Every structure is written in structure tokens, then in C-alpha cells.
Amino acid sequence: MSPPRVIAIDGAAGSGKSTLARGLARATRLAYVNTGLMYRALTVAALERGVNPNDGDALAELMKTLRFSLTGAAPPELSIEGSPSVSSLTSPAVEATVSRISRHLRVRALMRDAQRTLGHAGAVMEGRDIASVVFPDAPVKIYLVADPEIRARRRAAERPGERIDEALRARDAIDASVNAFEPQPDAVIIDTTGLDVEATIAAALAVVRERLPGMAP
């Protein structure tokens with residue numbers, strides 16, 4: 001069986017994953033899946049229902065109530081049944097809690113299964129462990145890095161008024177305890193520190209052309 005047509009994009013928060021993934025999805029006409037939103041939707045549900053972020057079993061049960069699918073076109077994107085507004089998914093409360101929720105092994109196993117279902121027909125998928133856990137056989141693996149100051153600046157532009165530096169440091173520390181920031185041996189590392197959006201997408205498309213011939217213009 002041939003590996004799925006998955007473009008796996010991993011990297012730290014603020015490294016440019018979402019912008020790159022959406023751009024690649026448009027170029028390749030593959031579905032776009034932001035796996036971080038799946039964890040954020042679970043976080044919103046937990047906060048709304050008073051589920052303890054440290055209770056992995058309760059969170060796993062709550063996870064079973066969420067429904068993920070792909071909707072729309074050019075490209076299809078993640079849809080979460082009953083999902084709150086995007087502003088709720090990126091609120092300071094969610095930002096402060098999502099890493100505590102995503103560290104539980106039962107939650108991650110359920111998310112992995114859901115993500116594999118979403119990507120089985122091909123997708124551009126971004127997250128923290130796409131190439132290492134979700135689709136280790138993905139033909140295209142891209143790992144984004146960026147200077148911490150640049151990452152913080154990008155997040156501040158997206159979310160004015162938040163204490164971004166502290167939030168990113170805390171997020172990195174918790175994330176690293178779950179999954180170390182390590183690219184897979186066959187991943188291509190792209191440093192986005194000095195690259196604009198167009199240059200980052202161009203660098204990634206070169207990788208796609210090499211590893212998935214015919215998928216990129």
C-alpha cells in the first residue's frame with residue numbers, strides 16, 4: 001500500500017505552520033487540517049463544562065463527544081461539530097490551558113485516530129507530532145523553526161493585548177515535556193526567521209515537487 005498523500009508540517013507555536021499549511025493546501029488542492037484547533041476545541045469544551053484539565057480520563061470521555069470532519073472547497077478545511085467561534089479557540093484562557101489538556105496520552109491517542117481519519121485521502125496537516133506519530137510514513141515532512149523573538153512578534157500581531165512572551169515560554173515548556181522539539185530524520189527543516197510568507201511557501205513547494213511529483217505547480 002502506498003503512503004497517504006500527506007504533507008506533514010510540524011514546529012513550535014508561532015513558527016508559521018498555519019500560514020504555510022493553508023498556502024500549500026491551496027497550491028496542491030489537498031485538504032487543510034489544523035490539528036491544534038482540535039485540541040483547542042476540546043479545551044473550550046472542558047472549560048465550559050468544568051472538566052479538570054488534569055483529569056485525563058474525563059477529558060478522553062469528553063473528547064468522544066466532539067465530531068471532526070472536512071467541509072468546504074479550495075481547500076476543504078477542518079470542521080468541528082458545535083465548535084465555538086474562532087475567537088473562543090484562541091482566547092487567553094484556552095491558550096493558558098491547551099497544553100495541559102494535550103499532554104494526556106489517552107487524549108492524544110484519540111486525537112491521533114481522528115487525525116488519521118481526516119488525512120487518509122490526503123491532506124496538508126500541521127501540528128506538533130504529525131510526522132512522528134500521526135503520519136510517520138508521510139512522503140513530505142517539513143519542520144519549521146524560527147527565532148523566539150520573531151515567533152513572539154508574530155503571535156502579538158495575531159493577538160494584540162496578550163502577554164505573548166510569557167505565554168509562548170510557558171507553552172514551549174509544557175509542549176516539550178510531552179513531545180520534544182525534534183524533527184524526524186527525513187524531515188526538511190525550514191527556518192522562517194528571515195522569510196516572508198511567499199518565500200516560505202516557495203521553499204516548501206520545492207520540497208513537495210521533489211517528494212510528491214505532480215502535486216505542486
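Only the coordinates and a few stated rules stand behind these numbers; no lab work does. Since this is a predicted model, take the numbers as computed values, not measurements. Backbone-built Cβ (ideal geometry, glycine too); neighbour counts: all protein chains shown.
Remarks
- At full extension, VAL145 and ARG67 could sit 25.0 nm farther apart than now, given 0.36 nm per residue minus the alpha carbon distance.
- Loop-located trypsin sites (Lys or Arg not before Pro) in segment 38-113 whose Cβ has at most 14 other Cβ within 10 Å (DSSP): LYS64, ARG67
- Couplings for segment 14-23, taken from phi via the Karplus curve 6.51 cos²θ - 1.76 cosθ + 1.60 with θ = phi - 60°, read x, 7, x, 4, 5, 4, 5, 4, 5, x Hz in order; Gly and Pro are left as x.
- Charge-dipole axis of the chain as Lys and Arg at +1 and Asp and Glu at -1 on Cβ define it, positive-most pick from VAL207, MET111, ILE189: MET111
- Most mobile of SER87, SER79, SER132 in a GNM of the chain (Cα contacts under 10 Å): SER87
- Test item: Cα-centred dipole of the chain, Lys/Arg +1 and Asp/Glu -1 on Cβ, debye: 400
- Here each label is just a point 7 Å from Cα along the line to Cβ, and for LEU105 and ARG29 those points are 4.3 nm apart.
- Filtered GluC sites (Glu not before Pro), segment 64-142: DSSP coil and at most 14 other beta carbons within 10 Å: GLU81
- Here the chain yields Rg over Rh of 0.94, to two decimals, using C-alpha coordinates and the Kirkwood radius.
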